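Working notes for the structure below.
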Amino acid sequence: MNGHSDGQGDLDEMYQKLLGLGDSFSVKSHYPEYKAAERHLVESEARLRTMFEAVPFDMYLIGADGTFLLSNESYRRNFGEVQGLRPEDVDIDPAMKAGFLDDLRIAGEGTTQQRVRAVETANGPRWMLTILSPILIDGVSSGVAGVNIDVSEQKKAEQALLTINEDLERIVESRTYDLRRLNDELEARRKALERALADLRNTQERLVQTRYQVSVGRVLAAIAHELNSPLAATESAAGQLASMRDEAVRAISRFRSLADPHAKLVDRILSRPADIPYYGKARRDALADRLASAGYAEPYELADDLCDLGAADLGDEDVALVAGPGGADAVGVAWVLGSMFGSSTLAAKAARRSADVVRSLNAYLELARPDESALVEFDIVGRLQRCADYGSSGTCPVALELEEGLRAYGDPERLDLVWENLVKNALFAAGKAGRVTVRARSDGSGAVVSVEDDGAGVDPAIRDRLFDPFFSTKAQEEGKGLGLDICRRIIDTHGGTISFESIPGRTVFAVYLPGRPDGDMGR
Amino acid sequence: MSQTYPMRKYVVPESVFGEGASTLAGRYARNLGATRPLVVSDPGLVAAGWTESVIESCRAEGLSPLSFFDVSPNPRCTEVDRGVEAFKDGRCDAIIVVGGGSPMDAAKGIAASAANGADVRTFEGVDKIAVPGPPLVCVASTAGTGSEVSRFAIINDVFRHVKIAIVSPKMVPDAALVDPRLLSTVPTDLAAATGMDALTHAFEAYVSSASSALTDLDARQAVRLIAKNLERLIVDPGDEDARGAMALASMLAGRAFSNAGLGVVHAMAHALGGLLDAPHGLCNALLLDAGIEVNFEAAAERYSELALDLGASPDEVASTGAKACVLERVRALRAAVGVVPGLANIGAVASDLPRLAGFAARDACLVTNPVRLSADDIEKIYERSL
Ligand SMILES: [Fe+2]
């Protein structure tokens, strides 16, 4: 034997292992292991079987041959002993049997099936959850394990929850509706407020305008007052001048009676019409030529003077007379006298026109001034009937649609101005072939008078200015522009309103007059 | 041997010997609880048709056999891995192996690896397998390996280029079916090599430090049968008596070494086979005489008995001396079956020897060698055999 430097211990150990006397090598050496495993299996099975039997729902196993292997107590209570039977032969509610057998087949092919079914029982309808799971052994389906669980309580709870959800939804919906309505209401109120604010602004504007107009009125009144005296003086001075002219004429007549040819010449020149036309250069040159022919060396100035006096077409004798000695002097006398006549006539005319203006201003101021004492209850139908008279041969007729027995409260005279104004405007707008209708009807305790025409309508561009003072759509000759402004002022003093609506072919001005403040006027 | 009857254990699988034994494979598998046996074999046996007949016996028993034929001579650990994969993929529950040492050792490796979920290389050594494998039915197809009855498996570790010896009672098959008919298709050179392997098994078991009265019976009977029948079978492969005797000898030698262990010759043969991928029986044939020389003094009496079993007369042993006589008989038989001595013939070179000696010194077979040998001692034996 040779010595070993290392590994001696290892070899001895290996040798002992190789002899293996401590081990027993036999299948039976594993007997305790097998027994322990079996015991474990038995205990495990007992535990599982106890659970299987005790669970408060149906459990069952169906083998690979399609028959029941096992069923638990719950299942047996419901369906009786089924071991060895095929599911087809078990007394299952026919309504669910076909579906159950389908599920069983699919589960048997390896896919778990889970379904809730409604089942009729002696205790009324119940909801049953069936779960069918394949039993896989080495990945191969070898039967099906099934459970049936009564899930009616869950189902009921689910439905209760569903109802609660629906209620909630309804409540939310109704709250939403309420909110929306409230919102709409607020929106309406906001709009009403906006309108009120706009009205207020309008009123304020009107108030400001009114104040402005009142102050303008005062100024106008002062001007009228201040103008009155000088105008009166001018008028009387003009009158005096006119009478002086007459005196001068008489003096010249006397001068004329002297039979002096020059005096007669002056008379003839001055006897030309008061309204002297303007003569152009041709006429003036023609006269100058005639004077020159008659031997007057510087004829142009003289011709101008004669033309200014209206004597452009003197006879040949008078031309000879003017061109002759003393003729120019006579023309000079005539020019002085003629100028005096002309000026006095112009002064008188101007004074009259000024007085007219002042009078109309006064009338305006008068109309704008409310007069409580003039307000009475009156027969408005009678008044409005006069409107028909505003029509004439140059206009279309005025149709009347008046509510019988209608009465109103106000100043009939001044309101007449309103009706007249509105009707004349309407007639103007409607033209000769158009149609104008005046209507009157009661409105609450008040009355509404409207005037409708079928004219072209009010141009949108001027609607806002329609009620401005001195505004007019008519030519200067036809109106003074005070019309609608005055109408509005008159209606304002009655506490009423005037409004209009206008589309091409239909324009309606409507006046609302409130009733007597202390009550019903009756009819 | 300080005691005449030292206490020894003797384990053998349930065994069936005789013509037709292979047809019982299916029934044995079924009796062992198999439903899907993995049938392990090699392409040569498949071609000979023996594998198909075993598969047929499985079908006849209502089993669903699966096949794994990807096994080469000197089975590799990688082949074992593939076999484990086939076993698991096929959801197999038993293994039936049809073949010689290579398929049987591969099947043992597959069984242990599948059951323990561990690489087969981790089982190297004595008693390293924790969990027994699935039922294993061995149908032996060569006369020599004895693996069908042994607790040994030799696997080629292709990563270290060494054959590892796995020795474990859990490697003992559950049934050994030895059917001499299967030997009829064994090529002559393989029959010679396996026969010499069986002889080495018997020699090493008989001189083993763990030998026992029971193994001695097997070993000596095996040597006698081999001495009378191996040369006959090589000369006349159709000799059914010789074939049957060799099948029996192989089985007996297997029982002997399985229980008594082996020795230095196998340790060195394993190292050699791993490095050169040379046939196991041939390696043993080339090393057996050198092993006898180094061990003779420790078991001189036993070697002289073996000389008698090899056919020498008591006079011959007495006149030439036991050592010379047994060596002469062994070398004569080796020559008679066509093996030319010299490791150089199988490709070994001097520079390989230290490495081979290193591997052999760590081989489990060395444990029961009657003489404790170091790597240096082993290297010298290699040198003498070169
Ligand atoms: Fe061997």
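What follows draws every value from the coordinates through simple rules; no lab data is involved. Because the structure is a prediction, the values reported are computed rather than measured. When we count neighbours, we look across all protein chains shown, and the Cβ atoms used for this are built from the backbone with ideal geometry, even at glycine.
Couple of notes before you dig in:
- When +1 charges are put on Lys and Arg Cβ atoms and -1 charges on Asp and Glu Cβ atoms, the dipole computed for chain B relative to its Cα centre reaches about 700 debye.
- Peptide ranges B:130-140, A:65-75, B:39-49, A:387-397 listed from the most packed, as the mean C-beta count within 10 angstrom indicates: B:130-140, B:39-49, A:65-75, A:387-397
- Measuring against 20 Å, Cα to Cα, the residue pairs A:Lys35/B:Lys128; A:Lys17/B:Lys128; B:Lys9/B:Lys170; A:Lys35/B:Lys108 contain A:Lys35/B:Lys128; A:Lys35/B:Lys108 as the ones spanning a longer distance.
- Peptide B:358-370 has a mean shielding of 2, counted as Cβ atoms of other protein chains within 10 Å of each residue's Cβ.
- For the segment B:5-14, counting C-beta atoms of other chains within 10 Å of every residue's C-beta and taking the mean gives 2.
- Among residues other than B:Ser351 with Cβ under 15 Å from its Cβ, the summed charge is -2 (Lys and Arg +1, Asp and Glu -1).
- Surrounding net charge for A:Trp335, when Lys and Arg each add one and Asp and Glu each subtract one, Cβ distance under 9 Å: -2
- When the trypsin sites (Lys or Arg not before Pro) in segment A:262-316 are filtered for DSSP coil states and for at most 13 other beta-carbon atoms within 10 Å of their beta-carbon, no site remains.
- Counting charges near A:Arg506 (Lys, Arg +1; Asp, Glu -1) among other residues having Cβ under 14 Å from its Cβ returns a value of -2.
- In Hz, Karplus ³J(HN,Hα) per residue of segment A:387-397 (6.51, -1.76, 1.60; θ = phi - 60°; x = Gly, Pro): 4, 4, 6, 5, x, 8, 5, x, 10, 7, x
- Ordering B:His270, A:His30 from the fewest to the most neighbouring beta carbons within 10 Å gives A:His30, B:His270.
- Anisotropy class of segment B:226-288 from Cα gyration tensor, a/c 1.5 cut: oblate
- Derived scalar couplings between HN and Hα for segment A:50-57 equal 4, 4, 4, 6, 7, 4, x, 8 Hz in order, rounded to whole Hz, by the Karplus curve 6.51 cos²θ - 1.76 cosθ + 1.60 (θ = phi - 60°), x for Gly and Pro.
- Gyration tensor (alpha-carbon) shape descriptor, segment A:84-213, a/c threshold 1.5: prolate
- Checking every one of the GluC sites (Glu not before Pro) in segment A:374-469 against DSSP loop status and a limit of 13 other Cβ atoms within 10 Å picks out A:Glu404.
- Within segment B:14-182, antiparallel bridges make up roughly 20 percent of the DSSP beta bridges whose residues both belong there.
- For the protein assembly as shown, the square roots a ≥ b ≥ c of the C-alpha gyration tensor eigenvalues yield an a/c of 1.5 or more together with a/b exceeding b/c, which makes the shape prolate.
- For B:Lys9, B:Lys88, the sequence from fewest to most other C-beta atoms within 10 Å is B:Lys88, B:Lys9.
- With both residues required to sit in the protein assembly as shown, DSSP beta bridges show an antiparallel share near 70%.
- Segment B:82-160: chymotrypsin sites (Phe, Trp or Tyr not before Pro) in DSSP coil with no more than 11 other Cβ atoms inside 10 Å: B:Phe159
- Relative contact order [Cα under 8 Å, 6+ residues apart], segment B:231-372, whole percent: 37
- Relative contact order of chain B, pairs being alpha-carbon contacts under 8 Å that are 6 or more residues apart, as %: 16
- When each of B:Ile110, A:Ile276 is scored by the number of other beta-carbon atoms lying within 10 Å, the sequence from fewest to most is A:Ile276, B:Ile110.
- Largest-first principal axis extents, alpha carbons of segment A:373-514, Å: 37, 29, 26
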